[in-house]
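Here's the structure, in C-alpha cells; my notes come after.
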Amino acid sequence: MADTILSAAAKHPKPEDKSFKYGTAGFRMKANLLDSVVFRVGLVAALRSRKLSGQTIGVMITASHNPPEDNGVKLVDPMGDMLEASWEGYTTILANAPDAEVEGVYHKLETELNINPESPARVIYARDTRPSGPTLVTALVDGLKAARAEYTDYKLLTTPQLHYLTRCINTEGTPQSYGVVSEKGYYEKLGAAFARAIKGKKISGPVIVDCANGVGGPKLTELLKYLPKALEGGIDIKVVNNDVLRPESLNHECGADFVKTKQRAPPSSKAGPNDRCCSLDGDADRLIYYFTDPEHGFRLLDGDRIATLAASFIGDLSREAGLADELKIGVVQTAYANGASTKYIVNGLGLPVVCTPTGVKHLHHAAKNFDVGVYFEANGHGTVVFSPQALKAFNTKSPESPAQAGALETLRALTDLINQTVGDALSDMLLVETILAHKSWTPREWDLTYTDLPNRLVRVEVTDRYMYKTTDAERKLVEPAGLQEQIDGLVKKFKDGRSFARASGTEDALRVYAEAATRAEADDLASKVAALCKQY
Ligand code: G16
C-alpha cells in the first residue's frame, strides 16, 4: 500500500531552522538541503493538476546557471508557462510546514482552493545533469505517489524541452496543438522550422557553441541530426564544453553566466578572431553570443542584442508582409538592460519598451500584451511570443507579391522555430543564425547597430539578502531606509551613471549593477555602490 502523506513526509524530513521561498526560478540552494522541498513540490504539482481538472503539470529539477553542488526545482503550468504567481505562495507554505503538519496543510489547501481530491492528477518531470538529480527525483516521486498522481519521467532534458512537452501534452488533439509529445518531436519541429526559415539564404562559416558542460551539450548533439547540414546549405555547429561526465565542470569557467558576468570568453576557448561563438547555461535556457574583434578585443552580444536583433527583423518582416498596421510589436526588458539598448529600441526601431522585475515569469506575462512580444533579460534568457491574432494574420493574409509571400512564409517558420513557452537557448540560437543569414551579417555588423554603455554586475555577499526590498521594477531600494538616497548621491557623480541593487532570487547574495560613460567609471561606480550596500 502507498505511504500516506504523513508517513512519506517523515522519510523526507525538513531541515530544522531552515526556511524556504519559491524565488525567481523556483527553489534553489545547496542540493543536500532540497530533499524535503522536492517531496513537497510533488504534492503541490498533484494539487495544481487536480485544480486544473487533470491538466498535466511539469516539474523541472535544475539549478541552471548555479554551481554543480546546488540544485533546484520549479513547476511548469499547463501551457508551458511558469507557475501562476498565487501558487508560489501555496508552495512556499507547504515547503515550510513541519513534517508532522504536511498532511494537514495539504488537505487545508485542498479545501481552501476547492480542489476535488477525486480529480485526476498528472505530472511530468525531468532533470539536468547534476549528480544530485536522481536522489531528488526519488523524493519527488514519493510526493507524487503519496498524492496519488500519475507521472511520467522524461529523465534528462533541457528546461525548455520540459516546457515544450508540458504544452504539447495539454494541447494534443486540439486546434492549438503545439507539437508531437516527445523529445524527438521537439527536434523535428525545430529542424523543419529552421530549414524553412533559412531557405534560399546562406549561413556564413561555423558557429562555436559552448554548452557549459551541461545538459544542452548532448541535446544539441541530438538536434544536429535534424538540422540541414552546412554542405546542403544548412548550418555548421561546433559543440564545445560538452563534458557531462565530470560534474564539477558544469558552468565552471564556461557557459552563458560566466561569459556575461566576466565579459570574456571561457578560458578554454580556442576561437580565432571574428569567429562566431555562443554560450548556453547549465539547463540551456540562456544564450549569449560573442566574438573577438582584432581591433577592439572581446565583444559581447547579450540578451539585449538578441532582443534588438529579433525585434528589428520581425518588425521588418511584418512591414514587408503588409501587416505593420495590424500588429503591435513591443520589447520587454528588466533593469539590467543596457541603457543604450533601450534607447536604440525606442529611437532607432521606434518600438515601445516595458520594464519588469527580474524573472522570466514577469517578462513573459508583459510580453503577452503585444501581438509580437519580444522579451529578453540581458543575461540571455528570453524568447518571442505571438498573439492568436498575429498567428492568424500570418496564416490567413493573402500575399500581393512574391516578396510578401516570402515574408509571410518566414514569419510562419519563425512561429514554429521560436519556443513560445519559455526562453530556449537552442531555439534562440537557430533564430539568431536565421536572422544573421537573412541580413548577410557577421557578428561585427550586429555589434555595430548601437554602442553599449560600459557596465559592471557584481555579486555582493551580505548577511541577510531579504532585508533589501525594491520598487519600480527593482530599480529603487525602499529598504534599508536611506540606502537608495546614498546610491543616488553616488550615481550623480558619474557621467551617464545608473546603478541599482537587488537581492538575487536564486543565490544567497545581493546583485549590484552599474553603468557609466567609461569602463573605469562603471567599475568604480559598481564597487562604490557594493561597498555602500555592505555597510547596512
Ligand atoms: C533564473 C531566472 C532568470 C533570472 C536568473 C537570475 O535564471 O529564470 O529570470 O534572471 O535566474 O536571477 P536572480 O538575479 O534573481 O538570481 P536561470 O537561468 O538560473 O534559471
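The table below lists the values:
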{"item": "Percent of C-alpha pairs per 10 Å bin, region 455-534, short to long", "result": "21, 56, 22, 1"}
{"item": "Positive minus negative residues near residue 324 (Lys, Arg vs Asp, Glu; Cβ under 15 Å)", "result": "-3"}
{"item": "Which of 177, 86 has the fewest Cβ neighbours within 10 Å, and the rest in rising order", "result": "86, 177"}
{"item": "Whole-Hz ³J(HN,Hα) from phi, Karplus 6.51 cos²θ - 1.76 cosθ + 1.60, for region 180-185, glycine and proline x", "result": "6, 7, 6, 4, 4, x"}
{"item": "Within region 385-489, GluC sites (Glu not before Pro) in DSSP loop having at most 15 other beta-carbon neighbours inside 10 Å", "result": "400, 461"}
{"item": "Restricting region 109-138 to GluC sites (Glu not before Pro) in coil, as DSSP defines it, with at most 13 other Cβ within 10 Å", "result": "118"}
{"item": "Neighbour-count order for 226, 336, fewest beta carbons within 10 angstrom listed first", "result": "226, 336"}
{"item": "Semi-axis lengths, Å, the chain, gyration tensor of Cα atoms, sqrt of 5 times eigenvalues", "result": "36, 30, 22"}
{"item": "Mean Cβ neighbour count within 10 Å, used as a protection proxy, ranking 126-135, 39-48 highest first", "result": "39-48, 126-135"}
{"item": "Residue-span extension gain [residue 4 to residue 398] - 0.36 nm each, minus C-alpha spacing", "result": "135.9 nm"}
{"item": "Region 476-536 and region 1-70: distance between their alpha carbon centers, rounded to Å", "result": "34"}
{"item": "Estimated 222 nm signal from helices in the chain, with DSSP H stretches of n ≥ 4 weighted -39500 (n - 2.57), rounded to 500", "result": "-12000 deg cm²/dmol"}
{"item": "Long-range tail of P(r) for region 325-367 (Cα pairs > 13 Å, %)", "result": "53"}
{"item": "Amide H within-cut-off set for residue 332, under 5 Å, with H built and near neighbours excluded", "result": "354, 374, 375, 376"}
{"item": "Overall Cα dimensions of region 21-79, principal axis frame, Å, largest first", "result": "37, 22, 16"}
{"item": "Descending principal axes extents, region 278-432, alpha-carbon based, whole Å", "result": "46, 36, 32"}
{"item": "Convex hull of Cα atoms in region 187-299, direction-averaged projection (nm²)", "result": "7.4"}
{"item": "Neighbour-limited loop hits for trypsin sites (Lys or Arg not before Pro), region 479-522 (at most 14 other Cβ within 10 Å; DSSP other than H, G, I, E, B)", "result": "492, 493, 495"}
{"item": "C-alpha center-to-center spacing [region 416-457, region 282-356] in angstrom", "result": "8"}
{"item": "log10 of Debye I(q)/I(0), alpha-carbon scatterers only, for region 93-172 at 0.26 Å⁻¹", "result": "-1.23"}
{"item": "Footprinting exposure proxy for 153, 35 (fewest neighbouring C-beta atoms within 10 Å first)", "result": "153, 35"}
{"item": "Rule-of-thumb Rg ratio for region 5-156 [Cα; 2.2 N^0.38 Å; N residues]", "result": "0.93"}
{"item": "Difference of contour (0.36 nm per residue) and Cα-Cα distance, residue 138 to residue 496", "result": "123.7 nm"}
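Taken together, the values in this text are just the output of simple stated rules run on the coordinates, not laboratory data. Keep in mind it's a predicted model, so treat the numbers as computed, not measured. Cβ: placed from backbone, ideal geometry, glycine included. Neighbour counts: every protein chain shown.
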